[in-house]
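Visitor: This structure is in structure tokens; I'll ask about it shortly.
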Amino acid sequence: MQEFDTVIGLEVHVQLNTNSKIFCPCSTNFENPANTNICPVCSGYPGVLPVFNKQALLLAIRVALALKCRINSRIYFERKNYFYPDLPKNYQISQYKMPLGENGLLNLPAGSSVGITRVHLEEDAGKLIHKENYSLVDLNRTGTPLLEIVSNPDITSPQEAFDYLTSLKLILQYIGASECNMEKGSLRCDANVSLKNKGAKELGVKVELKNMNTFKGVRDALEYEISRQARALTEGEKIFQETRLWDADRQKTEVMRSKEEAHDYRYFPEPDLLDFFVEEKFIENEKQFVSELPLDKYKRFLDAYKLQSLDADVLISEKFLADYFEEAVKEFNEPKKICNFITGPFLELVNTFDGRFKDVKLSAKSFAKIVKYFAGGLLNNLTAKKVLALSINTNADIDEIIKKEGLSQMSSESELQSLVDEAVKESPKAVKEYTEGKSQAIMFLVGAVMKKTKGKANPKVVKELLEKALKK
Ligand SMILES: [Zn+2]
């Protein structure tokens, strides 16, 4: 097969994290019963007037800043006209000629960067629920504030597209702009992909891909489409400019519409919203939220705390974890130990909750105390985990839990000696194996002593005492 260069551009729509819709006071919670969060404005009644949501604007500015865009402080909306059952007004208020942000940049962890063409505000449409021979319309989603983020066609592989989406999502979550939940539809992605002869300047015909529901779906769809186009071009066929839908079950793309069917949206200025300028102080104020983006934090964690890249990766994957880690380190300055306890027992426990980090009540300060007691020998691996489990949802006093549950570790040799002697007496087989050179057999005896103390013994001290006893 011939060799080609791949050219990919991504269009991402994210729902901005506001309580109310972009042009009316209705709630943005579209999980409520159908058509309960609606009003004359978002249902497209005649004679109503939209009122622009300030919070949506501020969050959009925050995203534009995080993506290093040039910001157009003149806010100017236009109508994008089309007819569809989920769009009651028959037009969508959007930004066309003058997007909020332009010429941005997103740096990827692997070192490459992707240009951001534009970032603009618009309102979402409703949702159609298709039944056997009829369809239902739910307008709860209509008028939800959206930000469209369009990348330059700088992406050169499906994996890079995946990395771009992962990085973008992390940034948007970090700065509190969006939940980015693809399953709930608060992040959606379309892709443009074309192939050109290796090294050629001239771009090939691009195909638009829709209907991908996961980042993996985006990567799979691009992989499929690239090999489909490469095969066609190698065989001398033409690629048509068209929109194709990804079918995740069948793992292939199918034509949805050709260029001839493309819409003419007849954009014109929105007469119900006057254009205005955003004062500089509002833009300045948003800068505090984008001062350290996830990739910068990652680099600082490697540098300042000497963490391994895999550990730093886990910590920065959620802003909650990164903040929790740093707060705990302030309390007990052993970054590696704090990190191990977060990536280990802490996350293990959190993964068993539905609400994830929302259910964590244990303060980072108290968490640091558990790690400190573990490091100092007051708690062993088992009892430390138990204290953590008992306090994580309650933030109960750590010292009281240890006292109440009798969990402090038994490290005194005099306390443990008699139990070690008992264990030796009770397990002649393990003793014999050990004395015959099978050194691992001692772990059985350590286990026996641990059992006798209900897990409270210091295993290191127990092992030392056993070694001493068996040398005799
Ligand atoms: Zn409304």
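Visitor: Out of all the residues in segment 353-370, which are of a type outside the set (Gly, Ala, Ser), surrounded by 15 or more Cβ atoms within 10 Å (Cβ to Cβ) and under 13 Å from ALA389 (Cα atoms)?
Guide: Once the filter is applied, which keeps residues that are of a type outside the set (Gly, Ala, Ser), surrounded by 15 or more Cβ atoms within 10 Å (Cβ to Cβ) and under 13 Å from ALA389 (Cα atoms), segment 353-370 yields VAL360, LEU362, PHE367, ILE370.
Visitor: Residue under question is TYR174, and the condition is that it be out of contact with any strand residue (DSSP E or B) (no Cβ under 8 Å at 6 or more places or on another chain), over 22 Å from LYS259 (Cβ atoms) and free of Cβ contacts under 8 Å to residues at least 24 places away in the same chain; does it hold?
Guide: Answer is no for this residue.
Visitor: Look at ILE283 and say whether it is β-branched (Val, Ile, Thr), under 33 Å from the mean Cα position of the chain (by Cα) and closer than 30 Å to LEU49 by Cβ. I'd like the intermediate steps shown before the answer.
Guide: Working: β-branched (Val, Ile, Thr): yes; under 33 Å from the mean Cα position of the chain (by Cα): yes; closer than 30 Å to LEU49 by Cβ: yes.
In short, yes.
Visitor: Can you tell me which residues in segment 106-145 are within 16 Å of the ligand (Cβ to nearest atom), surrounded by fewer than 24 Cβ atoms within 10 Å (Cβ to Cβ) and assigned to a strand (DSSP E or B)?
Guide: Across segment 106-145, the qualifying residues are GLU122, LYS127, VAL137, ASP138.
Visitor: Failed condition for CYS42, given (1) in a loop (DSSP other than H, G, I, E, B); (2) out of contact with any Ser or Thr (no Cβ under 6 Å at 6 or more places or on another chain), with all others met?
Guide: Answer for CYS42: the failing condition is (2).
Visitor: Restricting the search to segment 146-159, which residues are surrounded by 15 or more Cβ atoms within 10 Å (Cβ to Cβ) and not in a loop (DSSP other than H, G, I, E, B)?
Guide: If the condition is that a residue be surrounded by 15 or more Cβ atoms within 10 Å (Cβ to Cβ) and not in a loop (DSSP other than H, G, I, E, B), then LEU146, LEU147, GLU148, ILE149, VAL150, SER151, ILE155, PRO158 are the ones that fit.
Visitor: Another question about this same structure. Find the helices (runs of 4 or more DSSP H) located wholly in segment 193-310 whose residues include 2 or more that are without any contact (Cβ under 8 Å) to a residue 24 or more places away in the chain and closer than 21 Å to LEU106 by Cβ, and list them.
Guide: Ranges flagged: 294-305.
Visitor: Select from segment 438-458 the residues that are exposed (fewer than 15 other Cβ atoms within 10 Å of the Cβ) and modelled with pLDDT under 85 and list them in ascending order.
Guide: Correct list: SER439, LYS454.
Visitor: Can you tell which of LEU106, LEU146 is in contact (Cβ under 8 Å) with a residue 60 or more places away in the chain and farther than 24 Å from CYS42 by Cβ? Explain how you work it out, then say what you get.
Guide: Numbers: LEU146 fails: farther than 24 Å from CYS42 by Cβ.
Going through LEU106, LEU146 in turn, the sole match is LEU106.
Visitor: Next up: For residues that are within 20 Å of THR352 (Cβ to Cβ) and among the aliphatic types (A, V, I, L, M), scanning just segment 372-389, find the one that is modelled with the lowest pLDDT. First the steps, then the outcome.
Guide: First pass over segment 372-389, keeping only residues within 20 Å of THR352 (Cβ to Cβ): 381-389.
Next cut, among the aliphatic types (A, V, I, L, M) only: 382, 384, 387-389.
Numbers: LEU382: 88, ALA384: 92, VAL387: 93, LEU388: 95, ALA389: 93.
By that ranking, first place goes to LEU382.
Visitor: Also, I was wondering about something else. Yes or no: VAL7 outside any helix (DSSP H, G or I), surrounded by fewer than 22 Cβ atoms within 10 Å (Cβ to Cβ), away from the ligand (no atom under 16 Å from the Cβ) and of a type in the set (Val, Ile, Thr)?
Guide: It is true that VAL7 is outside any helix (DSSP H, G or I), surrounded by fewer than 22 Cβ atoms within 10 Å (Cβ to Cβ), away from the ligand (no atom under 16 Å from the Cβ) and of a type in the set (Val, Ile, Thr).
Visitor: Still on this structure: Please determine, by comparing only the residues of segment 334-352 that are polar (S, T, N, Q) and surrounded by 12 or more Cβ atoms within 10 Å (Cβ to Cβ), which one is nearest to the chain's Cα centre (by Cα).
Guide: So the residue we want is THR343.
Visitor: Considering segment 184-220 alone, what residues qualify as being aliphatic (A, V, I, L, M) and over 30 Å from ASN29 (Cα atoms)? Write out each step before concluding.
Guide: Of all residues in segment 184-220, those aliphatic (A, V, I, L, M) come to 187, 191, 193, 195, 200, 203, 205, 207, 209, 212, 218.
Passing the criteria: VAL193, LEU195, ALA200, LEU203, VAL205, VAL207.
Visitor: Could you list, in sequence order, all residues of segment 13-44 that are farther than 22 Å from TYR84 by Cα, more than 14 Å from the ligand (Cβ to nearest atom) and in contact with a Pro (Cβ under 8 Å, 6 or more places away or on another chain)?
Guide: Selection gives LEU16 alone.
Visitor: Let me spell it out: the conditions are (1) within 14 Å of the ligand (Cβ to nearest atom); (2) within 12 Å of LEU121 (Cβ to Cβ), and GLU78 meets all of them except one. Which number is the exception?
Guide: Unmet for GLU78, out of (1) within 14 Å of the ligand (Cβ to nearest atom); (2) within 12 Å of LEU121 (Cβ to Cβ): (1).
Visitor: Same structure, new question: Please state which of the following conditions GLY47 fails to meet, knowing it meets all the rest: (1) within 16 Å of the ligand (Cβ to nearest atom); (2) within 30 Å of SER135 (Cβ to Cβ); (3) touching a residue at least 60 places away in the same chain (Cβ under 8 Å).
Guide: The failed condition is (3).
Visitor: Which residues, counting only those in segment 15-38, are part of a loop (DSSP other than H, G, I, E, B) and among the small types (Gly, Ala, Ser)?
Guide: Kept after step one, since they are part of a loop (DSSP other than H, G, I, E, B), are these residues of segment 15-38: 16-19, 21-26, 28-38.
Listed by number, the list holds a single entry, ALA34.
Visitor: While we're here: What is the number of the single condition among (1) closer than 19 Å to LYS281 by Cβ; (2) without any contact (Cβ under 8 Å) to a residue 60 or more places away in the chain; (3) hydroxyl-bearing (Ser, Thr, Tyr) that SER73 does not meet?
Guide: (2)
Visitor: Tell me, which residue of segment 195-249 that is buried (at least 16 other Cβ atoms within 10 Å of the Cβ) and of a type in the set (Ser, Thr, Tyr) is modelled with the highest pLDDT?
Guide: TYR224
The values are calculated or read from the model by the stated rules, or taken from the named source; none is laboratory data. Keep in mind it's a predicted model, so treat the numbers as computed, not measured. Positions of Cβ are generated from backbone atoms using ideal geometry, with glycine treated the same way; all protein chains shown enter the neighbour counts.
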